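Before any comments, here is the structure.
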Amino acid sequence: FDPDQPHSLCAYFKDLCNLLEEAKIDDPQIMKEKATKYVGHEVAELWEGLASYKTGPYEDFTKAVIALYPGASEDEHYSVKELEQMVMDQSQSPITSVTELAAYYRNFKLTSMFLMGKLRLSTCEESHNFARGLPMKLWNKVLDHLDTTKKYQSHAVDDLPGTKDINNAAKYIL
């Protein structure tokens with residue numbers, strides 16, 4: 001677990017839970033001890049100082065730990081604000097290769113799929129945001145390609161094709 005990446009905390013606890021189950025460890029105190037064994041010294045000290053570390057069920061301990069890290073809970077992995085920041089940052093950076101495009105697409109999809117699954121982002125908003133992250137020169141070429149291939153003919157603002165089609169067109173151009 002990296003405290004600078006709070007969204008990794010739930011994955012840490014899931015991995016730990018799997019290991020504890022495989023080792024057939026079900027004593028709450030031993031489970032808590034194992035949870036603090038694989039984190040940095042300062043993090044372990046913090047967690048061991050929690051009241052729920054000393055007494056109570058393991059689940060209360062994990063909830064208390066998660067509460068220490070904003071953005072760590074399952075519902076807070078990604079936000080619309082983070083997506084918009086990613087898009088703005090990417091729009092300021094050139095995309096000159098398929099590798100750079102693929103990195104943007106993977107990062108974008110990771111965040112957008114989470115938000116769509118939580119009903120915080122629509123398919124239309126996803127397409128618009130992805131397109132906004134493309135440098136203007138590349139985006140104009142993507143639009144021309146989509147128009148030529150009949151994937152985007154309406155030219156209505158709300159009728160962009162999906163991110164997959166936009167990404168494929170950008171790959172073709174690059």
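The values are calculated or read from the model by the stated rules, or taken from the named source; none is laboratory data. In this text the structure is predicted, and so the values were computed from the model without any measurement. So basically every Cβ, Gly included, is an ideal-geometry build from the backbone, and we count neighbours across all protein chains shown. Just the protein is used for accessible areas: all its heavy atoms, side chains included, with ligands, DNA and RNA removed. Shrake-Rupley method; radii C 1.70, N 1.55, O 1.52, S 1.80 Å.
Below, the figures for the structure above:
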item: Residue of Tyr78, Tyr38, Tyr53 that the Gaussian network model of the chain assigns the largest fluctuation, springs spanning Cα pairs under 10 Å; result: Tyr38
item: Carbon and sulfur %, accessible surface of the chain computed with the full protein complex present, 1.4 Å; result: 54
item: Between helix 136-148 and the chain: long-axis angle, C-alpha atoms, 0 to 90°, nearest 10; result: 60
item: Accessible surface, the chain, averaged per residue in Å² (probe 1.4 Å); result: 60
item: Spherically averaged projected area in nm², based on the convex hull that wraps the Cα atoms of the chain; result: 12.3
item: Nearest-ten-degree value, helix 28-37 long axis tilted from longest Cα axis of the chain; result: 60
item: Charge dipole (the range 74-165, unit charges on Cβ, about Cα centre) - positive-most of Thr99, Thr149, Met86; result: Thr149
item: Two-site label geometry, Ala103 and Leu119: point separation in nm, points 7 Å out along Cα→Cβ; result: 3.7
item: Cβ-placed point charges (K, R +1; D, E -1), dipole of the chain about Cα centre in debye, nearest 20; result: 680
item: Within the chain, helix-based [θ] at 222 nm, where runs of 4 or more DSSP H residues each add -39,500 (n - 2.57), nearest 500; result: -20000 deg cm²/dmol
item: Contour excess over end-to-end distance, with Cα ends at Ala11 and Arg132 and 0.36 nm allotted per residue; result: 40.5 nm
item: Rounded accessible area of Met113 (nearest 10 Å², 1.4 Å probe); result: 110
item: Quotient of C-alpha Rg and 2.2 N^0.38 Å, computed over the range 17-103; result: 1.59
item: Lys/Arg +1, Asp/Glu -1 at C-beta; the chain dipole; positive extreme among Tyr53, Met113, Met31; result: Met113
item: Potential lengthening between Asp60 and Thr96 on full extension [0.36 nm per residue; Cα-Cα distance subtracted]; result: 8.1 nm
item: Loop-resident sites, the range 1-64, for trypsin sites (Lys or Arg not before Pro), counting at most 16 other Cβ within 10 Å (DSSP); result: Lys24
item: Count of lysine pairs in the range 1-97 with Cα separation under 21 Å (8 or more residues apart, or interchain); result: 15
item: Cβ-Cβ FRET estimate between Glu74 and Lys171, R0 fixed at 22 Å, reported to 0.05; result: 0.10
item: Only Lys, Arg (+1) and Asp, Glu (-1) charged, at Cβ; the range 58-106 dipole about Cα centre in debye; result: 180
